[in-house]
Amino acid sequence: MLNRLMIMSLLLAAASLRADPPSDLKAFRAFFEQRFANIEIDDHRDGAYALDAAKREQWLSMEDFPPYEIAIEAGEALFAESFADGSGYADCFENSGIGVKQTFPRFDQAAGAVLTLELAINQCRQAHSEAPLAYASEAMGALSAYMAYTSRGETFAITVPPEGLAAYNAGKAFFYARRGQLNFSCAGCHVTSAGGMLRAEILSASVGHATHWPTYRLKWEQVGSLHKRFAECNEQVGAVGLAEQSPSYRNLEYFLSYMNNGMTLNGPATRK
Amino acid sequence: MSWGRLRQLEGQALRALGGVGAWAGVLMVVGVLTLGLNASNSQGKAPSAEAVLAHAMSVHDAAMARDHAWVTTRRALARAQDLLDAGDESASLLAAQQALQSAQASLNQADVEAESWPARVPK
Amino acid sequence: MAVKPVKMRGKLAEGVAEIKALMPHPMETGTRRTEAGELIPAHFIQEVICEHNGALVLRAEWGTSVSKNPYFAFKVAEAKAGDEVVIRWLDNLGETSEGRLTLK
């Protein structure tokens, strides 16, 4: 019995490593298409609000006057401010930084690591002798919110070059591994149990988890990043949360965003 | 504590927790038993709280390096340190032992998960 | 922190105007502490006044249980296009701000 299990897991491990990102994506989407036959994949960008009519109604009434509006306005002002050397954020990004969020995260060949939007914002600042912003700060949240807002309606088309495969696989392993004293994996709740209940909340599907960031969580009373949510989730299952923009979270964001390829960006968003 | 009793407890834990989180049950049972064994060993040459705390910290760091450190370890380490600073050697030793078990379980989880995660990928 | 104006939206239907407002304000309870352990002083909206064409239609007394950047919605009866709705707030530090909306 044990031998058979060992052989099985070795075969499955081998199969998983042979699988490439496009096959992973196909299988991922197929899983959710089957689990939620009445919901379009793209609709999952609204998370739990795509799965519960009552929650959706409450959320839509908030969208009339969303709490992230203040952050977008603050972000627009910050984005327009010049650095001390006369340049600005527009000089660091393609298309002057407007409508570029869907191109992140990407694999930075030169650095040999995943580059997220927040990391790029701070790299831009440092390249122009400005102090970096704390990732959990309102300023970073505002800038990220504004840039996400300009990318609303765009689609994810994340690429994984051969050099980026290791980072993608590291993110993939993180996503499927159980962690914390509660021994839960990201997949356990958001793939296997998606649509089910966790205490009093409905578990949203992973397909759509990267589209709506940054997010104004009512719990945070401010706009926060996907990495902040990763750390929060990890702590909730008893695993020590990692720092924002740590390599492991960047790899996880890379994998997750790739799994959201083809989906429409709808950040910033409001969540409970 | 006999092996028969160990298997009985393991079976109970697995049944109680079901498929999901079964490993947590196994780990917790193993942890509880390790504590029992530790207590009986300490009747001979008792390790110092400081030594156990240092050991627990290094195992916790090893788990951290693999992104598998636990919150319970962190809490127990803090508690053990506070008790040590307050001069309560025996209570600190107990907390340090709990921290060590938790750290060992978290490191074990890292090993187990490195092999078992591929099975959960949708085909 | 600079005082920000009240953002307003209004929808008019059958003589009733549904007003929605978002009021940027820190709404500090006075019981929170900084990382260093110092108490953050209380700073919250105490009074909200709403006027319809200059006449008082709503007065609210708020306290520390209202969250940061309060969202506030209410309805005004006997409203028609061209009417002006004003929301004004006063906080415990004596700061004040307002928002004005002309109904369409």
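For this structure, a couple of remarks:
- Condition broken by residue A:70, with the remaining ones in (1) crowded, with 16+ Cβ neighbours inside 10 Å; (2) in contact (Cβ under 8 Å) with a residue 12 or more places away in the chain satisfied: (2)
- Check on residue C:9, within 12 Å of chain A (Cβ to nearest Cβ) and over 27 Å from residue A:58 (Cα atoms): no
- Cβ-Cβ contacts under 7 Å between residues 6 or more apart (or on different chains), taken from a first residue in segment A:244-262 that is under 18 Å from residue A:120 (Cβ atoms) and in contact (Cβ under 8 Å) with a residue 40 or more places away in the chain to a second residue that is among the acidic types (Asp, Glu) and in a helix (DSSP H, G or I), are listed as A:245/A:118.
- Top-ranked residue of segment A:25-61 - restricted to ones that are charged (D, E, K, R) and within 14 Å of chain B (Cβ to nearest Cβ), ranked as farthest from residue A:255 (Cα to Cα): A:35
- The lone exception for residue A:164 - which of (1) closer than 30 Å to residue A:24 by Cβ; (2) assigned to a loop (DSSP other than H, G, I, E, B) it fails: (2)
- Members of segment C:18-42 found to be more than 14 Å from every other protein chain (Cβ to nearest Cβ) and not in a loop (DSSP other than H, G, I, E, B), listed by number: C:33, C:39
- Every residue from segment A:147-173 that is closer than 30 Å to residue A:89 by Cβ, crowded, with 16+ Cβ neighbours inside 10 Å and among the hydrophobic types (A, V, I, L, M, F, W, C): A:147, A:148, A:156, A:158, A:160, A:167, A:170
- Pick from segment A:258-270, criterion in contact with a strand residue (DSSP E or B) (Cβ under 9 Å, 6 or more places away or on another chain) and on the phi < 0 side of the Ramachandran plot, ranking: nearest to the other protein chains (Cβ to nearest Cβ): A:270
- Complete set of residues in segment C:55-71 that are of a type outside the set (S, T, N, Q) and either more than 20 Å from residue C:7 (Cβ to Cβ) or not in a strand (DSSP E or B) (or both): C:55, C:56, C:59, C:61, C:62, C:63, C:66, C:68, C:70
- Residue ID - nearest to residue A:238 (Cα to Cα), chosen from residues in segment A:166-195 that are more than 8 Å from chain B (Cβ to nearest Cβ) and free of Cβ contacts under 8 Å to residues at least 12 places away in the same chain: A:193
- Among residues of segment A:15-38, those that are in contact with a Leu (Cβ under 9 Å, 6 or more places away or on another chain) and surrounded by fewer than 17 Cβ atoms within 10 Å (Cβ to Cβ), counted: 1
The rows are residues; the columns are (1) of a type in the set (A, V, I, L, M); (2) within 21 Å of residue C:3 (Cβ to Cβ); (3) modelled with pLDDT of 95 or more.
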| site | (1), (2), (3) |
| --- | --- |
| A:37 | yes, no, yes |
| A:40 | no, no, yes |
| A:54 | yes, no, no |
| A:57 | no, no, no |
| A:63 | no, no, no |
| A:70 | yes, yes, no |
| A:79 | no, no, yes |
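The values are calculated or read from the model by the stated rules, or taken from the named source; none is laboratory data. None of the values given here were measured: they were computed from a predicted structure. FYI the Cβ positions are ideal-geometry reconstructions off the backbone, even for glycines, and counts take in every protein chain you see.
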